[in-house]
Amino acid sequence: MSVGTVSSMPLEPQGSQVLAQDGNAMVLSMGPQHPSTHGVLQIMLEIEGESVVKAEPEIGYLHTGIEKSAENLFWTQAQTVIERMDYLAPESNSLCYALAVEKLLGITDRIPERAQQIRVIVAELTRIASHCVWLGTHGIDLGALSIFFYCFDLRENILDVQEAAGGARMHPNYVRIGGLQADLPDGHVERLDALLKKFPTRMRELRAILQKNPIWQDRTIDVGTVTPEQAVAWGLTGPALRASGIAYDVRKAFPYSGYENYKFDVPTRTEGDAYARFVVRLDEMEQSMRIVQQARDAMKAGPITIDDAKIAPPPKEAIALSMEALIHHFKVVSEGIRVPPGDVYQAIESPRGELGYYVVSDGNNKPFRVRTRPPSLYNLQALKGIAPGNLIADLVVMIGSLDPVFGEVDR
Amino acid sequence: MEIGPGQFFLAQLDDVARWAQSSSVWPLTMGLACCAIEMMSVTAPEYDIARLGSEVFRASPRQADLMIVSGRVAQKMGPIVKRLYDQMADPKWVISMGACASSGGIFDNYAIIQGVDTIIPVDVYVPGCPPTPDGLLHAVNLIQKQIREGGRGGILARA
């Protein structure tokens with residue numbers, strides 16, 4: 001059997017050289033295949049007995065070259081690879097990228113209202129689904145297995161709604177540059193209503209299982225405490241920052257997609273420990289549902305893509321009837337759209353924090369550069385600061401409560 | 001044809017062993033990327049892989065029978081996947097889950113190994129990006145069928 005390119009690579013993880021071994025401390029490699037590192041994180045630990053002296057995260061085990069791949073694809077095609085970065089919240093990625101390109105095109109104000117409302121619904125549902133996966137796996141890490149079943153049941157309900165809209169469970173590529181891929185199917189509002197009706201019960205159950213559970217509190221309170229100063233210095237965003245008492249939310253600070261029209265709170269806690277991050281995320285799920293309800297009520301019939309054949313291909317019905325529409329469709333699909341030269345930074349609030357895209361165009365039909373600011377990478381940095389002095393068992397709590405996604409960290 | 005007592009007995013026992021083995025294919029807890037989330041979904045209530053006897057995800061490769069390569073294999077992760085496969089005890093099976101693990105998928109670039117079958121042997125490929133949980137369940141079914149119908153496994157067959 002051919003071993004291919006891998007045979008020439010060193011089998012020893014590179015992280016083992018990071019820590020100098022002296023007499024007393026033992027060096028332990030945790031990961032990259034470890035059930036509670038939430039993916040392919042390797043942490044080189046210097047331990048004395050059970051307590052961690054030093055923790056050195058070693059990343060890159062899922063480096064996919066997404067940013068480079070995006071440079072070789074059309075503007076619209078690049079969205080498919082970009083969506084696979086944060087695979088717990090794919091719609092957040094595509095929404096942020098679409099917003100960035102729309103800003104470059106100068107069409108931000110011309111996106112139809114219905115498209116914006118549907119984008120908000122999709123983005124908020126994906127936030128809840130992402131937090132479901134986080135809570136389920138975080139629970140498993142700490143030995144609270146039953147929460148996993150409740151969370152994944154709720155996630156399945158959300159994915160059913162998302163699949164009905166976008167056509168795929170995980171990577172629907174539903175949000176497109178200039179609007180959406182298609183309008184919502186018949187009966188979608190009823191589907192949403194059923195979910196909205198079920199959600200409060202599910203949420204009560206999630207809280208009942210863990211929030212006042214003494215074992216859960218013992219494991220998470222005062223574990224992995226991040227002070228507000230540290231949180232700002234390390235560049236934390238999202239629930240990890242808000243649990244330390246700083247109410248920064250991109251949806252409020254720099255509204256996009258019409259978030260300024262919705263009433264919602266930004267949940268914060270002041271403790272900054274793993275329990276605070278847990279409560280903030282649970283509160284966030286409820287606020288997300290509040291936004292979904294408002295967007296669902298505000299939705300009116302109307303177009304779902306921008307009326308500009310140079311950016312979004314004309315609808316199928318028009319292609320069958322109009323020669324010009326057919327030509328435009330052919331041009332957009334075979335040549336791609338052209339984006340005026342310039343650079344732009346666009347941030348959104350993804351389930352993990354501030355997700356940003358810095359997109360550069362040289363006027364061509366392919367992006368010149370797509371640089372990501374992945375929230376997980378910055379949140380993960382905190383681990384090195386908060387791990388020393390704690391038990392290895394607490395390290396598992398810390399990783400879980402920071403909620404890193406490695407597709408996004410390594411890209 | 002005369003059948004010796006030993007022969008007859010052993011052949012039957014092999015069937016029983018294969019039946020038992022096919023009903024307890026324990027996967028290795030190894031999540032790589034997007035597909036790992038769908039791999040978790042099959043253990044959840046809606047899909048419930050426990051019906052096939054494969055809900056026991058083992059964290060140690062020594063205790064696992066099945067490696068589900070769930071997602072893109074980066075060049076840096078390749079040696080680790082190979083080592084984990086080598087550490088698993090025979091007989092062992094591999095499912096290549098999703099387009100990235102099977103062929104590199106949409107990531108035809110410097111960072112991703114173009115198909116995990118270039119480093120370890122694969123028994124079943126599951127198409128999709130990511131495949132639905134049903135797809136993964138079907139793949140486990142195919143592994144079970146392979147064991148029952150006289151592939152690797154059983155007490156007579158060599159791994």
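The values are calculated or read from the model by the stated rules, or taken from the named source; none is laboratory data. Predicted model, so just to flag it, every value in this text is computed and none were measured. Cβ coordinates were reconstructed from backbone atoms using ideal geometry, including for glycine residues, and neighbour counts include every protein chain displayed.
Quick look at the values:
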| read-out | value |
| --- | --- |
| A:Q77 vs. criteria crowded, with 21+ Cβ neighbours inside 10 Å, modelled with pLDDT of 85 or more and on the phi < 0 side of the Ramachandran plot | no |
| Filtered residue count, the stretch B:42-54, keeping only those that are more than 11 Å from chain A (Cβ to nearest Cβ), in contact (Cβ under 8 Å) with a residue 12 or more places away in the chain and on the phi < 0 side of the Ramachandran plot | 3 |
| Residue among A:I348, A:I327 that is among the aliphatic types (A, V, I, L, M) and assigned to a strand (DSSP E or B) | A:I348 |
| Count of residues meeting criterion [assigned to a loop (DSSP other than H, G, I, E, B) and in contact (Cβ under 8 Å) with a residue 40 or more places away in the chain] in the stretch A:165-193 | 10 |
| The lone exception for A:T225 - which of (1) within 24 Å of the chain's Cα centre (by Cα); (2) assigned to a helix (DSSP H, G or I); (3) among the polar types (S, T, N, Q) it fails | (2) |
| Condition check for A:E91: crowded, with 24+ Cβ neighbours inside 10 Å and closer than 24 Å to A:I311 by Cα | yes |
| Subset of the stretch A:245-282 [hydrophobic (A, V, I, L, M, F, W, C) and in contact (Cβ under 8 Å) with a residue 24 or more places away in the chain] | A:V250, A:F254, A:F264, A:V266, A:A274, A:A276, A:F278, A:V279, A:V280, A:L282 |
| Qualifying residue in the stretch B:84-93 (condition: part of a strand (DSSP E or B), closer than 28 Å to B:A44 by Cβ and of a type in the set (A, V, I, L, M, F, W, C)) | yes |
| Matching residues, the stretch B:109-131, being within 8 Å of chain A (Cβ to nearest Cβ) and surrounded by fewer than 19 Cβ atoms within 10 Å (Cβ to Cβ) | B:N109, B:Y110, B:T118, B:P121, B:C129 |
| Cβ pairs under 9 Å, 6+ apart, first in the stretch A:399-410 and within 11 Å of chain B (Cβ to nearest Cβ) and more than 15 Å from A:A382 (Cβ to Cβ), second surrounded by fewer than 24 Cβ atoms within 10 Å (Cβ to Cβ) and among the hydroxyl-bearing types (S, T, Y) | A:F406/A:T37; A:E408/A:T372 |
| Test: residue in the stretch B:54-67 that is β-branched (V, I, T) and surrounded by 21 or more Cβ atoms within 10 Å (Cβ to Cβ) | no |
| Condition check for B:M67: more than 10 Å from chain A (Cβ to nearest Cβ) and over 28 Å from A:K68 (Cβ atoms) | yes |
| Boolean, A:V332 is surrounded by 15 or more Cβ atoms within 10 Å (Cβ to Cβ) and modelled with pLDDT under 90 | yes |
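This table checks each residue for (1) of a type outside the set (D, E, K, R); (2) within 14 Å of chain B (Cβ to nearest Cβ); (3) out of contact with any Phe, Trp or Tyr (no Cβ under 9 Å at 6 or more places or on another chain); (4) assigned to a helix (DSSP H, G or I).
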{"site": "A:L135", "(1), (2), (3), (4)": "yes, yes, no, yes"}
{"site": "A:F149", "(1), (2), (3), (4)": "yes, yes, yes, yes"}
{"site": "A:L159", "(1), (2), (3), (4)": "yes, yes, yes, yes"}
{"site": "A:E163", "(1), (2), (3), (4)": "no, yes, yes, yes"}
{"site": "A:L195", "(1), (2), (3), (4)": "yes, no, yes, yes"}
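So that you can scan it fast, the table gives a plain yes or no per residue for (1) among the aromatic types (F, W, Y); (2) at pLDDT below 90; (3) over 27 Å from A:A247 (Cα atoms); (4) surrounded by 14 or more Cβ atoms within 10 Å (Cβ to Cβ):
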position	(1), (2), (3), (4)
A:K316	no, yes, yes, no
A:A320	no, yes, yes, no
A:A347	no, no, no, yes
A:Y358	yes, no, no, yes
A:S361	no, no, yes, yes
A:R369	no, no, yes, yes
A:D410	no, yes, yes, yes
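Here is a yes/no grid of residues against (1) modelled with pLDDT under 90; (2) among the hydroxyl-bearing types (S, T, Y); (3) in contact with a Ser or Thr (Cβ under 6 Å, 6 or more places away or on another chain):
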site	(1), (2), (3)
A:K103	no, no, no
A:T108	yes, yes, no
A:R119	no, no, yes
A:V122	no, no, no
A:A129	no, no, no
A:V133	no, no, no
A:H138	no, no, no
A:I147	no, no, no
